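The values are calculated or read from the model by the stated rules, or taken from the named source; none is laboratory data. Model, not experiment: these values are computed from the prediction. Note: ideal-geometry Cβ built from the backbone for every residue, glycine included; neighbour counts use all protein chains shown.
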Amino acid sequence: MCNLYSQTKSQDAMRHVFDAIIEGGEGFDDLTGNLPPMPGIWPDYPAPVFRHGAQGGWQLSMARWGMPTPPQFLTGKRTDPGVTNIRNLDSPHWRRWLGVEHRCLVPFTSFAEPDSRPGPGKGKPVWFALGEDQPLAFFAGIRTDWTSVRKLKEGEVTVDAFGFLTCAPNREVERIHPKAMPVILVRPEEWRIWLTAPIEQALHLQRPLPDGELDIVVEDARDDPA
């Protein structure tokens with residue numbers, strides 16, 4: 001499972017990339033404030049997402065990483081920190097959030113998977129990116145407003161929560177983590193499809209990135225400041 005990623009590009013870079021999918025007349029609001037580079041984003045922490053605006057158009061806003069957990073896994077628990085990675089979209093629990101109003105794009109520059117290779121590095125993060133220069137790309141995400149107790153010290157809170165889809169790993173990720181990888185979208189047409197197309201079309205994007213498109217950029221580090 002990918003439970004750690006980075007987003008180190010500027011807000012201007014994110015806005016510029018998003019220009020590729022905004023059509024004439026669609027508005028765009030940046031609600032993130034002064035957003036610093038984020039070399040290590042962990043579960044239940046806030047991170048930027050591109051989403052449909054509440055009043056139409058589009059917005060870049062902050063959300064907490066972790067969608068509501070299916071109730072059967074919360075029996076006897078006092079908190080729900082959320083589910084970060086989502087694969088089984090046939091589940092009724094997840095299907096309620098597959099409409100366009102709940103889909104989002106999660107910007108990232110690199111992501112980490114736990115190393116499953118035998119040896120002293122087993123279990124430590126291995127960071128992947130779309131090349132050494134780490135260009136901006138997006139995870140295919142879903143989001144919702146949700147009220148729950150995520151941490152006992154907070155009590156009940158209402159948050160904008162998000163998670164992203166996973167799929168079978170490609171060749172590069174499989175060598176490190178054979179179970180899964182995030183669904184990565186790298187082209188404007190893919191971004192537009194995920195945000196606007198009927199779900200039957202959008203779910204064709206839940207597939208591995210082609211072999212050869214990811215590089216290992218950092219190993220055994222808790223963040224990736226590049």
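Can you name the residue in the range 147-168 that is surrounded by fewer than 22 Cβ atoms within 10 Å (Cβ to Cβ) and β-branched (V, I, T) and, of all such residues, is nearest to the chain's Cα centre (by Cα)?
V159
From the list P81, P43, pick out the single residue that is under 23 Å from L185 (Cα atoms) and either over 18 Å from the mean Cα position of the chain (by Cα) or assigned to a loop (DSSP other than H, G, I, E, B) (or both). It would help to see each step written out before you state the result.
Values: P81 fails: under 23 Å from L185 (Cα atoms).
None of the others qualify; the one that does is P43.
Suppose we keep only residues that are out of contact with any Pro (no Cβ under 9 Å at 6 or more places or on another chain) and charged (D, E, K, R) within the range 82-123. Which one would you say is nearest to V17 (Cα to Cα)?
R103
Under 6 Å between Cβ atoms, at least 6 apart or on separate chains: pull out the pairs that start in the range 159-174 with a residue that is in contact (Cβ under 8 Å) with a residue 24 or more places away in the chain and end on any residue that is of a type in the set (K, R) and part of a loop (DSSP other than H, G, I, E, B).
Close Cβ pairs satisfying both conditions: T166/R87; C167/R207.
Quick check on the range 181-207: of everything there that is under 30 Å from P118 (Cα atoms) and out of contact with any Pro (no Cβ under 6 Å at 6 or more places or on another chain), which residue is surrounded by the fewest Cβ atoms within 10 Å (Cβ to Cβ)?
Of the range 181-207, the ones under 30 Å from P118 (Cα atoms) are 181-184, 206-207.
Now drop any that are not out of contact with any Pro (no Cβ under 6 Å at 6 or more places or on another chain), which leaves 182-184, 206-207.
Values: P182: 28, V183: 25, I184: 25, Q206: 16, R207: 13.
Looking at residues that are under 30 Å from P118 (Cα atoms) and out of contact with any Pro (no Cβ under 6 Å at 6 or more places or on another chain), I get R207.
Would it be correct to say that V49 is over 29 Å from L152 (Cα atoms) and at pLDDT 95 or above?
Taking the combined requirement at face value, the residue does not satisfy it.
Hey, can you tell me all the residues within the range 46-66 that are assigned to a strand (DSSP E or B) and under 11 Å from the mean Cα position of the chain (by Cα)?
A47, P48, V49, F50, A63, R64, W65
Of the residues that make up the range 84-92, is at least one assigned to a strand (DSSP E or B) and under 17 Å from W191 (Cα atoms)?
no
Which of the residues that make up the range 31-70 are more than 30 Å from A197 (Cβ to Cβ) and without any contact (Cβ under 8 Å) to a residue 60 or more places away in the chain?
Matches in the range 31-70: G33, N34, P36, W42.
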